[in-house]
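Asks: One structure, pasted below without further comment.
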Amino acid sequence: MEDRRVVLDADFINALTQYRDSAAVDFFQRLFQAIKKEPVVHPYVFECELMHNAEVEILVDRGLLHVIPKEEFCPDDNEYVRMHYCESFNDVYRKIMG
């Protein structure tokens, strides 16, 4: 992945988007412009943890937060490697979430 990109987790995104109800999207945009980084999120996190966050939908619609395809997290063309990545990701996610 590009050096400018930073992968965010759901807790961090939720915390930022709870910043002053009316200013959350603006705050998010100004923060990442100031640090010159492009915020991205894993598709699983987007689909399973952020689906009820209205500000996240706005951020994605405006191109301020990018949902990166799984292939960019695991760019290997080997099908076994990708399958192992998906299984490992799901296992780690379940362990973290208890």
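Asks: Taking only Cα atoms, what is the 0 to 90° angle, nearest 10, from helix 24-34's long axis to the longest principal axis of the chain?
Replies: Once rounded, one gets 70 degrees.
Asks: Something else about it: So who's got an amide H within less than 5 Å of the one on residue 66, skipping anything under 5 residues away but keeping other chains? H placed 1.01 Å off N, in plane.
Replies: Residues meeting the criterion, in which the H sits 1.01 Å from N, are 40, 41.
Asks: Per residue, what accessible area does the chain have, given a 1.4 Å probe and all protein chains present, in Å²?
Replies: On the way: 6660 Å² over 98 residues.
Averaged over the residues of the chain, the accessible area is 68 Å².
Asks: May I ask you to give the percent of accessible area on the chain that is carbon plus sulfur, with a probe radius of 1.4 Å? Show your work: numbers first, answer last.
Replies: Numbers: 3480 of 6660 Å².
Here it works out to 52 percent.
Asks: Moving to a separate point now. Pulled fully out, how much extra length does the chain show between residue 19 and residue 83, if you take 0.36 nm times their separation in residues and subtract their Cα-Cα distance?
Replies: Values: separation 64, 0.36 × 64 = 23.04 nm, distance 3.78 nm.
Between residue 19 and residue 83, full extension yields 19.3 nm more.
Asks: Name the long-range amide H neighbours of residue 5: under 5 Å, sequence gap of 5 or more, or other chain; modelled H, no Pro or chain starts.
Replies: 38
Asks: Would you calculate a helix-derived [θ] at 222 nm for the chain, using -39,500 (n - 2.57) for each DSSP H run of n ≥ 4 and dividing by the full residue count, to the nearest 500?
Replies: Numbers: 6 runs with 57 residues, N = 98.
The per-residue figure over the chain is -17000 deg cm²/dmol.
Asks: On to the next question. Quick check: from the Cα gyration tensor, does the stretch 29-81 come out rounded (a/c under 1.5), prolate or oblate? Could you put the intermediate results ahead of the total?
Replies: On the way: a/c = 3.32, a/b = 1.56, b/c = 2.13.
Since a/c reaches 1.5 but b/c is at least a/b, the shape of the stretch 29-81 is classed as oblate.
The values are calculated or read from the model by the stated rules, or taken from the named source; none is laboratory data. This is a predicted model, so every value here is computed, not measured. For the accessible areas, the whole protein counts, side chains as well, though only heavy atoms, and no ligand, DNA or RNA atoms are used. Shrake-Rupley method; radii C 1.70, N 1.55, O 1.52, S 1.80 Å.
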